[in-house]
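The values are calculated or read from the model by the stated rules, or taken from the named source; none is laboratory data. Computed from a prediction, not measured in an experiment: that's the story for all the values here. Cβ: placed from backbone, ideal geometry, glycine included. Neighbour counts: every protein chain shown. Areas reflect the complete protein model, heavy atoms only, side chains present, ligands, DNA and RNA absent. Shrake-Rupley method; radii C 1.70, N 1.55, O 1.52, S 1.80 Å.
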Amino acid sequence: MGKLKICVYAISKNEEKFVERWMNSVSEADEVFVLDTGSTDNTVKLLKEFGAKVTVKEIKPWRFDVARNESLKLVPDDYDICVCMDIDEVISKGWRNELEKIWKNGINHLRYNYNWSHDENNKPIVNFYIEKIHSRHNFTWTHPVHEVLKFTGEKEIWFTTNNITIDHYPDNTKSRSSYLPLLELSVKENPDDDRNVHYLGREYMYYGKYNEAIDTLIKHLSLKSSTWKDERCASMRFIARCYKNLNRYDEAKMWLNKAMMEAPHLRDPFVERALLDYELNDFENVRKYSLEALKIKNHPKTYINEPFSFDYTIYDLLSISEYYLGNIKDSLKWINLAIEMAPDNERLLNNKILIQKKMKTT
């Protein structure tokens, strides 16, 4: 087999602040193809200066799947591997060499490591596998938003690697206002697509449309195709959040209990129940559910996982609950563990001082 032809392709709009970093990151590619969808800053100029092949085309009405497919069309037919990225992302050095080692035996689709968010020390907070590296042919993007690659050939052959990582550093000033109408459109186009119904319910929750969110997430749970326990658990947790925001705490607890039964292998529903009980000053249950969460060591690599399930939160909750339950030594033990994970957190450090003062007076 001859040398593989490998490209990176992307869509862009007003990404000038990321262009240099991104182009340096993808420089191992043979070519970089970008579809710019209407930048009003220097994105196009900078991309061209750094060597990308840029085509400008507005997509009206806007859909992410259409834009992705138009960007994929820019890639010549003789390319072997296509790496789809966004310009606010960075791919790990040596990625091309890894691809050349992996791309054998008919492999046409790759899962790899994705760090979706980071803390202030650049430590990944949310990490999961993503699958936007694929062969040039027999793939198309589907769904107006939260778009996915669909294989259209005869045999899809997967490979999963931990040796390629993409880090995501988003521009948090950018609006995501298009997501809700696009998700509504996506569900209208395919009302039985469990993934997009779940996403729509979550989006309603983000917008504070709690009743719409509850109805939509319950619909997600009713779909025959809704079988992934982790996602079903997330829908139940989101329903509980909506009820909490509606001050309907008994229903929130009921749905968190359902979530725990749905996915007892996940920490998330237990921690979310502990957080709810903390708000209600029920420190016995804060301790109970925090300790149950700590028994779960498995941390699946999916986007469903909540950052609070594996950071300092559980130890923080345990320290607070033990303090109010009068178990000061245990409170100190847990706060020390929390501080080990978040040594610069001023609130935790101040809590430790309060606990130590309390120990001296008891």
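Summary of values
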{"item": "Positive-end residue, region 295-354 charge dipole about Cα centroid, Cβ charges, pick of Ala342, Leu354, Ser321", "result": "Ser321"}
{"item": "Mean separation of Cα contacts under 8 Å, 6 or more apart, over the residue count of the chain: relative contact order %", "result": "11"}
{"item": "Per residue accessible area in Å² of region 141-243, where ligands, DNA and RNA are left out and the probe is 1.4 Å", "result": "49"}
{"item": "Sparse-neighbour loop sites [GluC sites (Glu not before Pro); region 8-97; at most 12 other C-beta within 10 Å; DSSP]", "result": "Glu58"}
{"item": "Rounded tilt (10° steps) of 249-262 against the dominant C-alpha axis of the chain", "result": "60"}
{"item": "Estimated FRET transfer efficiency when R0 is 35 angstrom, pair Met254-Ser225 (beta carbons, to 0.05)", "result": "0.90"}
{"item": "Most fluctuating residue given options Lys329, Lys174, Lys45, as computed from a GNM of the chain linking Cα atoms under 10 Å", "result": "Lys174"}
{"item": "Accessible surface, 1.4 Å probe, highest first, among residues Met261, Met341", "result": "Met261, Met341"}
{"item": "Candidates Leu266, Leu99, Leu200: whichever shows maximal mean-square fluctuation once the chain is modelled as a Gaussian network with Cα springs under 10 Å", "result": "Leu99"}
{"item": "Degrees, to the nearest 10: 283-294 long Cα axis against longest axis of the chain", "result": "40"}
{"item": "Selection of chymotrypsin sites (Phe, Trp or Tyr not before Pro), region 54-83, meeting DSSP coil and at most 13 other Cβ within 10 Å", "result": "none"}
{"item": "Exceeding the 22 Å Cα-Cα cut-off - candidates Lys123/Lys209; Lys93/Lys155; Lys17/Lys209; Lys13/Lys132; Lys5/Lys45", "result": "Lys123/Lys209; Lys93/Lys155; Lys17/Lys209; Lys5/Lys45"}
{"item": "Within the chain, helix-based [θ] at 222 nm, where runs of 4 or more DSSP H residues each add -39,500 (n - 2.57), nearest 500", "result": "-14000 deg cm²/dmol"}
{"item": "Two-decimal log10 I(q)/I(0) for region 217-362, as the Debye equation yields it once each C-alpha is a single scatterer, q = 0.14, 0.16, 0.17, 0.19 Å⁻¹", "result": "-0.68, -0.85, -0.93, -1.09"}
{"item": "Region 37-92 - percent of accessible surface contributed by carbon and sulfur, probe 1.4 Å", "result": "51"}
{"item": "Lysines whose Cα lies under 18 Å from that of Lys288, excluding same-chain neighbours fewer than 8 positions away", "result": "Lys253, Lys258, Lys297, Lys329, Lys333"}
{"item": "Order of exposure, largest accessible area first, which applies to Arg68, Arg21 with probe 1.4 Å", "result": "Arg21, Arg68"}
{"item": "Label assignment, semi-axes √(5λ) of the Cα gyration tensor in Å derived from the structure, set (1) 61, 23, 18; (2) 33, 22, 20; (3) 42, 25, 20", "result": "(3)"}
{"item": "Accessible area per residue in Å² at 1.4 Å probe, computed on region 251-337", "result": "44"}
{"item": "Bins of 5 Å from zero: percent of alpha-carbon pairs in region 283-362", "result": "3, 15, 26, 22, 17, 10, 4, 2, 1, 0"}
{"item": "Ellipsoid equivalent to region 13-55 - semi-axes via the Cα gyration tensor, in Å", "result": "16, 11, 7"}
{"item": "Probe 1.4 Å, accessible area per residue of region 41-127, Å²", "result": "50"}
{"item": "Accessible area in the full protein assembly, largest first, 1.4 Å probe, for Glu279, Glu292, Glu154", "result": "Glu154, Glu279, Glu292"}
{"item": "Dipole moment magnitude, nearest 20 debye, the chain about Cα centre, only Lys, Arg, Asp, Glu C-beta charged", "result": "700"}
{"item": "Of the chymotrypsin sites (Phe, Trp or Tyr not before Pro) in region 301-343, those whose Cβ has at most 15 other Cβ within 10 Å and which sit in DSSP loop", "result": "Tyr303"}
{"item": "Neighbourhood charge, 12 Å Cβ-Cβ cut-off, centred on Ala259 and excluding it, Lys, Arg +1 and Asp, Glu -1", "result": "+2"}
{"item": "Computed label-point distance, nm, for sites Asp192 and His299 using a 7 Å Cα→Cβ extension", "result": "3.9"}
{"item": "DSSP-defined antiparallel bridges as percent of all bridges, the chain, nearest 5", "result": "45"}
{"item": "Phi-based couplings in Hz for region 320-334 (Karplus 6.51, -1.76, 1.60; Gly and Pro marked x)", "result": "5, 5, 5, 4, 6, 8, x, 9, 5, 4, 5, 4, 5, 4, 6"}
{"item": "Between helix 210-222 and the chain: long-axis angle, C-alpha atoms, 0 to 90°, nearest 10", "result": "70"}
